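The values are calculated or read from the model by the stated rules, or taken from the named source; none is laboratory data. Remember, it's a predicted structure, so these values are computed and weren't measured experimentally. When we count neighbours, we look across all protein chains shown, and the Cβ atoms used for this are built from the backbone with ideal geometry, even at glycine. Accessible surface is based on the protein model in full, side chains and every heavy atom, while ligands, DNA and RNA are left aside. Shrake-Rupley method; radii C 1.70, N 1.55, O 1.52, S 1.80 Å.
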Amino acid sequence: TYVAGTLTITKAPLTIAAGTYTKKQGEAMPEFTLTYTGFKNNETKDVLTKQPEVSCLANEASEPGEYPVSVSGAEARNYDISYTNGKLIVTAADLVTITAKSYTREYGEDNPTFDFTVEGATLDGTPEIICEATATSPVGTYDILIKQGTVKNYNVTYVAGTLTITKAPLNIAVGTYTKKQGDPMPEFTVTYTGFKNNETKAVLTKRPTVT
């Protein structure tokens, strides 16, 4: 009497791993490359009836940190599939320091054309420079603020500059006069050279005296 037995072939274990990736903030997302462990008979991922999907919540602009890379969704007739999720490590972008240059001008003049310097990584874009001082602003110091403008870099430090407004030169002349001995003293007339912004002697907090 011959009694047949049974050979039961079960699915082979197959592990799909997502791996670990690193990029700087602002760089494009890496291409996620999966690794497979457990294929038999020299088979490859081509035997999968459904290819796995990889997802990550990070994007090009994501802040520095670690983000899970998830893999799922694969199907195969002869394999029991498990997954090893990976991670994406986002590091800080290369530092860029943008510094507004400082300037000095006299009261009553127009502001100079403000410029800036760059240190560190290559600058992508142009910053905006703002100063509240105008030609009529009084003597003093004013911040030259530098803002993002069209700068696309992610790790940026902005350093303000200073506009120093100094006193404008003003010349007060008394002139030359002639009289004969015994004649009354002439009236001394003072002339001013150097007033700005259409100002007059009325802006003097103390008037000159002639002796």
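Here is how the numbers come out for the structure above:
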read-out	value
The range 175-188 residues that are closer than 20 Å to Thr209 by Cα, paired with ones that are open to solvent by less than 70 Å² (accessible area, probe 1.4 Å) (beta carbon under 7 Å, 6 or more apart)	Tyr177/Pro186; Phe188/Val174; Phe188/Val210
Hey, Asn198 part of a loop (DSSP other than H, G, I, E, B), out of contact with any His (no Cβ under 6 Å at 6 or more places or on another chain) and open to solvent by 60 Å² or more (accessible area, probe 1.4 Å) or not	yes
Scope the range 134-157; condition farther than 21 Å from Val203 by Cα and either open to solvent by 70 Å² or more (accessible area, probe 1.4 Å) or part of a loop (DSSP other than H, G, I, E, B) (or both); matching residues	Asp143, Leu145, Lys147, Gln148, Gly149, Thr150, Val151, Lys152, Asn153, Tyr154, Asn155
Meets criteria (more than 30 Å from Asn153 (Cβ to Cβ), polar (S, T, N, Q) and in a strand (DSSP E or B)) for Thr15	yes
Residue, farthest from Val96 (Cα to Cα), within the range 158-190, restricted to residues that are surrounded by 10 or more Cβ atoms within 10 Å (Cβ to Cβ) and polar (S, T, N, Q)	Thr189
Selected residue (criterion: nearest to Lys196 (Cα to Cα)) from residues of the range 115-128 that are open to solvent by 40 Å² or more (accessible area, probe 1.4 Å) and of a type outside the set (A, V, I, L, M, F, W, C)	Asp115
Residue in the range 50-63 that is open to solvent by less than 30 Å² (accessible area, probe 1.4 Å) and among the β-branched types (Val, Ile, Thr) present	no
Residues satisfying the stated conditions in the range 18-40, i.e. under 14 Å from Val71 (Cβ atoms), in a strand (DSSP E or B) and open to solvent by less than 50 Å² (accessible area, probe 1.4 Å)	Tyr21
Failed condition for Asp46, given (1) assigned to a helix (DSSP H, G or I); (2) at pLDDT below 95	(2)
Extreme residue, surrounded by the most Cβ atoms within 10 Å (Cβ to Cβ), among residues of the range 90-114 that are in a loop (DSSP other than H, G, I, E, B) and within 16 Å of the chain's Cα centre (by Cα)	Ala93
